[in-house]
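Note sheet for the following structure.
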Amino acid sequence: MRIIFYGNHNKSAPWIAALQAALPGAEIEAWHPGAAPADHAVLWGPPQQLFDEQPRLRGVFNMGAGVDAFLHLKLPPQAVLVRLEDAGMATQMAEYVCQAVIRHFRDIDFYEREMEQGRWSFRKPLARSDFPVGVMGLGVLGSRVAQAVAHFDFPVAGWSRSRHEIEGVRCHWGADQLDEFLAATRILVCLLPLTPQTENILSRATLSKLRPGGYLVNVARGAHVVDEDLVALLDEGHLAGATLDVFRTEPLPQGHPFWNHPKIVMTPHASARTLREETVAQIARKIVAFERGEAIGGIVDTGRGY
Ligand code: NAP
Ligand code: GLV
């Protein structure tokens, strides 16, 4: 069995070594133009040329949960596209979103600013019940995040495409229930995949339906947000703030209005990192199962886009 690796960075060697250790019988090499035909590809951010030159691929294993970058590529018709399922990202995402929600609710920014100025001052404690959290996307990551936030006794709702039942989470589904979900939400967390249906979903039309003093946590993809609408709603005061981990263009271009916006907290797409050990173990397990003709999880429905 031949496997090609493409990492879109110059740190392929430790990944290939880890894959080789997990799949000792396989012949594994970094992809390069003209590479011999392989059975499987393990990759992140591949160029179209890779697929054009690899017509024999049967499995395309993405080293991430989101597959939006693949939706514009043409894969060999027989190849299945397989995404990462959790692989250590759900816990990271739960940590990140909980810290963002709690940082906002507990007004930590205020306290940090005051202490920096040498002031010992307090704000009145707020009621958790006034900060209902809504999670868009109740998949592998969203459902874990919703449960983690509920653990801190915030009222939590969720919205997905199909019906879900999650203990402690008020579940909504489908376009018909979106407005009701938004109207009941103050802190909105986006964990949707980026698809033609969800691109630009966080616009003035939707964000202005949040409760006054709304807050956005976007940890999914930058293109979910209409940037100008977000900035306008923050400046008008309808939204109290935003924590953004992902951006339409990454790295975020210099001069973008998000930089230095007083109501925006940002991180550089770092909320849930791809972890080598967990990722290699999951992909190796799936390749072995796939080769045996067994069913594997995480096969992307490319028509649906996730
Ligand atoms: P997932 O398991 O596929 O879950 C996707 C969820 O979104 C599902 O609940 C799905 O509904 C819902 N959904 C999809 N289209 C929808 C629509 N049109 N309307 C309403 N709900 C819709 O994906 P995941 O593993 O949780 O990952 C979610 C996303 O997180 C990824 O696609 C990626 O973009 C992002 N991500 C970001 C980072 C980071 O570091 N910032 C890391 C990992 C992932 P159903 O349940 O009904 O199908
Ligand atoms: C990261 O953003 C991922 O989709 O895994």
- line: Expressed as a whole-number percentage, the relative contact order of the chain with C-alpha contacts under 8 angstrom and at least six residues apart is 16
task: Only residues of the range 126-150 count here: report those whose backbone N is under 13 Å from the spot 7 Å along Cα→Cβ of Ser162, or say none.
output: 138-140
field: Debye log10 I(q)/I(0) for the chain, one point scatterer per Cα, at q = 0.07, 0.11, 0.13 Å⁻¹
entry: -0.31, -0.73, -0.95
query: Summing -39500 (n - 2.57) over the DSSP H runs of n ≥ 4 in the chain and dividing by its residue number, what mean residue ellipticity at 222 nm do you reach, to the nearest 500 deg cm²/dmol?
result: -8500 deg cm²/dmol
- prompt: When the dipole is taken about the Cα centre of the chain, and only Lys, Arg (+1) and Asp, Glu (-1) are charged at their Cβ, what size is it in debye, to the nearest 20?
  reply: 240
- request: Whole number in Å², please: accessible area per residue of the range 90-266, 1.4 Å probe, ligands, DNA and RNA not counted.
  value: 50
query: How high is the FRET efficiency from Phe152 to Ala36, r the C-beta distance, R0 51 Å, rounded to 0.05?
result: 0.45
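At a temperature of 4 °C and a viscosity of 1.567 mPa s, determine how fast the range 88-156 diffuses translationally according to Stokes-Einstein, using the Kirkwood radius over alpha-carbon pairs as Rh; express D in µm²/s, rounded to the nearest whole number.
In µm²/s, the coefficient rounds to 98.
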- line: In degrees rounded to 10, the 0-90 angle between helix 12-22 Cα long axis and the longest Cα principal axis of the chain is 70
- request: Would you please give the residues with an amide H less than 5 Å from that of Ala30, counting only those at least 5 places away or on a separate chain, with H modeled from the backbone geometry?
  value: Phe5
task: May I ask you to derive the relative contact order of the range 143-240, considering only C-alpha pairs under 8 Å and at least 6 residues apart, and to give it as an integer percent?
output: 22
query: Using the Karplus equation 6.51 cos²θ - 1.76 cosθ + 1.60 (θ = phi - 60°), what ³J(HN,Hα) coupling, rounded to whole Hz, does each residue of the range 224-231 give in order, writing x for Gly and Pro?
result: 6, 9, 8, 4, 5, 5, 5, 4
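Output the relative contact order of the range 90-266, whole-number percent, from Cα pairs under 8 angstrom with separation of 6+ residues.
Relative contact order for the range 90-266 comes out at 16 percent.
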message: For the range 90-266, give me the percentage of DSSP beta bridges that are antiparallel, rounded to the nearest 5 percent.
response: 5
query: On average, how much area does the Cα convex hull of the range 177-271 cover when viewed from any direction, in nm²?
result: 5.6
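Quick check: at a probe of 1.4 Å, how many percent of the accessible area of the chain sits on carbon and sulfur atoms?
The value for the chain is 53 percent carbon and sulfur by accessible area.
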task: In whole Å, largest first, what are the principal axis extents of the Cα atoms in the range 90-266?
output: 51, 37, 29
Charge dipole magnitude, Cβ of K and R +1, D and E -1 - the range 1-157, Cα centre, debye nearest 20: 180
message: Full-extension gain between Ala295 and Glu180, please, as 0.36 nm times their residue separation minus the C-alpha to C-alpha distance.
response: 37.6 nm
message: For a bin width of 10 Å, list the pair-distance distribution of the range 1-114 built from all Cα-Cα distances, rounded to whole %.
response: 12, 36, 24, 12, 10, 5, 0
field: Fully extended contour minus Cα-Cα distance, from Leu71 to Ser129, at 0.36 nm per residue
entry: 16.9 nm
statement: Protection proxy (average C-beta count within 10 Å per residue), highest first, orders 18-30, 142-154 as 142-154, 18-30
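Of all beta bridges DSSP finds with both residues in the chain, what is the antiparallel percent, to the nearest 5? Walk me through the numbers before you get to the answer.
Working: 2 of 42 bridges.
Just about 5 percent of them are antiparallel.
The values are calculated or read from the model by the stated rules, or taken from the named source; none is laboratory data. Values in this document were obtained by computation on a predicted structure and should not be read as measured data. When we count neighbours, we look across all protein chains shown, and the Cβ atoms used for this are built from the backbone with ideal geometry, even at glycine. Heads up: the accessible areas ignore ligands, DNA and RNA and are worked out on the full protein's heavy atoms, side chains in. Shrake-Rupley method; radii C 1.70, N 1.55, O 1.52, S 1.80 Å.
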